[in-house]
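Some notes on the structure that comes next.
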Amino acid sequence: MSQTNNYSFSKFPLYANETPIFRKQPNMVYVPYGKNNDYSDYLSYLYNNSGIHGAIIKGKATYIFGKGFKIKADWNGDKIGLQRTLNSINNSQTADELARKKIFERTLYGGCAYLIEWDVFGNMKSVKLQPFNTIRTCVDKSEFYISKEWTREQSTNSKWKKSNGRLPEDTVTLPAFNPLKREGKQILYLIDDNPASDIYPLPEYNSGATPIETDIECNFFQLNNVKTGFSA
């Protein structure tokens, strides 16, 4: 007597962290920063929800910053003028404060951007850090589009999903930094080298994003078990 067993197969999704591809879309003047134009939010999510990853980012940024800017005693230049500049690189920050924030952003996102402002005489009036998650750019990086409403995390109205490629209402368009054209405001855009992208950066830890996300989800799973009294 033979027994026949019937088996059925079901699909189960195989989750994987995909490296974003930055490509210009036909209906957009800018290149989306990730599939849903929200890659910076994803990187912030990893930083804010993984204690180990967050500590590494903060520790690395602290070590790179070191002791900040110091003028050597044997330097023969204008020490008073240089110290004045270091003490007030813009109207609200010292050079150390600006550098510390810049290093953190570049460690987290793989890039950073400065907002450069020239005076009427062509002298550099101010240097500020432009938050990297507020920036989008065109393919040749000749123009930059600044907005606080690119993604769900940055906009309470979530207009970005319905925009169909249109720029947010608060967008300011600024040219790329050009020392030969010293006028108005410009964006100095700095990103880490990566063969996968020359428009937006990929952070150094990109290849480790999957285990970082796994760590986060495991912690959420364990917390859920505790909150529900380990019941199904």
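Quick notes on this one:
- Label-point separation, Glu204 to Arg182 (7 Å along Cα→Cβ), nm: 3.4 nm
- When each of Lys60/Lys181; Lys128/Lys181; Lys72/Lys148; Lys24/Lys185; Lys70/Lys148 is checked by Cα-Cα distance, pairs over 30 Å: Lys60/Lys181; Lys72/Lys148; Lys70/Lys148
- Cα gyration tensor shape of segment 23-67, rounded if a/c is under 1.5, else prolate or oblate by comparing a/b with b/c: oblate
- Where labels lie 7 Å past Cα in the beta-carbon direction, separation of Lys72 and Ser88 in nm: 2.8 nm
- Each Lys and Arg Cβ is given +1 and each Asp and Glu Cβ -1; about its Cα centre, segment 103-232 then shows a dipole of about 500 debye.
- Mean-square fluctuations from a GNM of the chain, with a 10 angstrom spring cutoff on Cα atoms, peak among Pro32, Pro175, Pro201 at Pro175.
- Backbone N under 17 Å from the Asn123 label point (7 Å along Cα→Cβ), restricted to segment 83-106: 83-91
- Modelled label reach - Tyr63, point 7 Å along Cα→Cβ, segment 196-217 residues with backbone N closer than 20 Å: 203-209, 212
- Label-to-label distance for Leu223 and Asp193 is 4.0 nm, based on points extended 7 Å past Cα in the beta-carbon direction.
- Using only alpha-carbon positions in the chain, the gyration tensor eigenvalues give semi-axes of 43, 24, 16 Å once each is multiplied by 5 and square-rooted (largest first).
- Of the residues Asn219, Asn206, Asn194, the one that moves most in a GNM of the chain with alpha-carbon contacts below 10 Å is Asn219.
- Rounded, prolate or oblate (a/c below 1.5 giving rounded, otherwise prolate when a/b exceeds b/c) for segment 18-147 by Cα gyration tensor: oblate
- Anchor Lys141: aspartates and glutamates whose Cα lies under 17 Å away (excluding residues fewer than 8 positions away in-chain): Asp192, Asp193, Asp198
Rule-based calculations on the coordinates, nothing more; no lab input. As the structure is a computational prediction, the values presented were derived from the model and not from experiment. Neighbour counts are summed over all protein chains in view; Cβ atoms, including those assigned to glycine, are modelled from backbone coordinates with ideal geometry.
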